[in-house]
Amino acid sequence: MSLETLWLALLGLLLAGYFVLGGYDYGAQMLSPFLGSADPGPRPGTGPGTGPGTGPDGRNAALDAIAPFFLGNEVWLVAFAGVMFGAFPHLEGSLLSGLYPLIVAILAGLVLGNAAIQLRGRSRGARAARVWNALVVLGGALPAVCWGIVVGLLLHGVPRRADGSFHVGAGDVFGPFALTCGVATALLFAGHGAAFVALRSEPGTATAARRLGATLLAAAGAAGALALLLSVFGAGASMTRTGTSVVLFALVVAALAAGWWFLGRGRDTLAFTATCLATALPVLLIGAGQYPYLLSASAGGGITVDDAVADGATLKVLIGFGVVVVPLILLYQGWSWWAFRGRTGRRHPSYF
């Protein structure tokens, strides 16, 4: 395997990991008002909450589920950005400049959601609690929709100017295919979050999360079918490897169907495994379905792997990053899951 292929695989792994781990964070935030209150329990250092979606002690079931992993999952996004800047500098320059408004919206959503989650427990009064809860939902929905639009734009192809730069206008962002991908991704992340809450919560909340998650996954499948229909009629994805793309899309559909099936039967671990696959596969669809292009142009062509990658000497220097940092990320993630295994209220207290 060449160094270029190795670094491309690592780039895809980090983004897929972020979609899987950050995806259930976003999903739990979006579902926090709809999954009821967590079971009462000790919550040191906070006063009673009175807003919707909170229990008598201010707790929220969906946010309790993600509490031990809060902010930790963003390390995958940081690592992805580090690999892109170091190993694919030409892609970074073209991609960020073309998608600048969406990147800003994603970062704004991250900051807004994280701040709202931290501050909602310190709110006093029903009005303040409702405001913070609404900001928690917005902080999850905004990045989810924007990431979906980014996926849609990359699948469709980004407009390229005469000077070779890429530019995304309002007409591209609000085009039917990009918006459909944005809605589908938000629904998928919400269903993924519901599967995670079902896996982590007490029986009453888990039952509600399963019902809601099954509905959301079915809706995500319907939105995905619409995106496929747009592609069939030439208004959607433009792939260089059609056979590979069909297989990967079929795997996404199968993962969604499996998640829906297992949620309906209370098989929470299998359901969450299926939704993990469904959230990771779109990254593979972009990378494998459009290979050798990393950033395709809507008029054809684009930036190939060879165009975007750094020189061989730089890639060799960066090997230390992959050998040391990535295993550390995996070890940290594995340790946190092991340390906080089990359902909320049994192995650890509430954090929010």
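The values are calculated or read from the model by the stated rules, or taken from the named source; none is laboratory data. For clarity, every value in this text was computed on a predicted model and none was experimentally measured. Virtual Cβ from ideal backbone geometry, glycine too; neighbours counted across all protein chains shown. For accessibility, only protein heavy atoms count, side chains too; no ligands or nucleic acids. Shrake-Rupley method; radii C 1.70, N 1.55, O 1.52, S 1.80 Å.
At-a-glance table
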read-out: Where Pro143 falls short, out of the listed (1) under 15 Å from the mean Cα position of the chain (by Cα); (2) of a type outside the set (Val, Ile, Thr); (3) not in a helix (DSSP H, G or I); value: (3)
read-out: Residue ID - farthest from Phe19 (Cα to Cα), chosen from residues in the range 139-148 that are in contact with a Ser or Thr (Cβ under 8 Å, 6 or more places away or on another chain) and open to solvent by 10 Å² or more (accessible area, probe 1.4 Å); value: Val145
read-out: Residue count for the range 98-123, restricted to those that are open to solvent by 40 Å² or more (accessible area, probe 1.4 Å) and closer than 21 Å to Ala67 by Cβ; value: 6
read-out: Scan of the range 46-80 for residues that are surrounded by fewer than 15 Cβ atoms within 10 Å (Cβ to Cβ) and either at pLDDT 80 or above or in a helix (DSSP H, G or I) (or both), ordered by number; value: Val78
read-out: Sole residue being more than 18 Å from Leu284 (Cα to Cα) and at pLDDT 95 or above, chosen from Ala184, Ala208, Ala195; value: Ala195
read-out: Some residue of the range 104-118 being in contact with a Ser or Thr (Cβ under 7 Å, 6 or more places away or on another chain) and hydrophobic (A, V, I, L, M, F, W, C); value: no
read-out: Selection status of Pro159, under 20 Å from Leu91 (Cβ atoms), touching a residue at least 40 places away in the same chain (Cβ under 8 Å) and surrounded by fewer than 24 Cβ atoms within 10 Å (Cβ to Cβ); value: yes
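Per-residue answers, yes or no, for (1) in a helix (DSSP H, G or I); (2) touching a strand residue (DSSP E or B) at 6+ places or on another chain (Cβ under 9 Å); (3) not hydroxyl-bearing (Ser, Thr, Tyr):
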| position | (1), (2), (3) |
| --- | --- |
| Val168 | no, yes, yes |
| Thr180 | yes, no, no |
| Leu187 | yes, no, yes |
| Gly193 | yes, no, yes |
| Val197 | yes, no, yes |
| Thr205 | yes, no, no |
| Arg210 | yes, no, yes |
| Thr215 | yes, no, no |
| Ala223 | yes, no, yes |
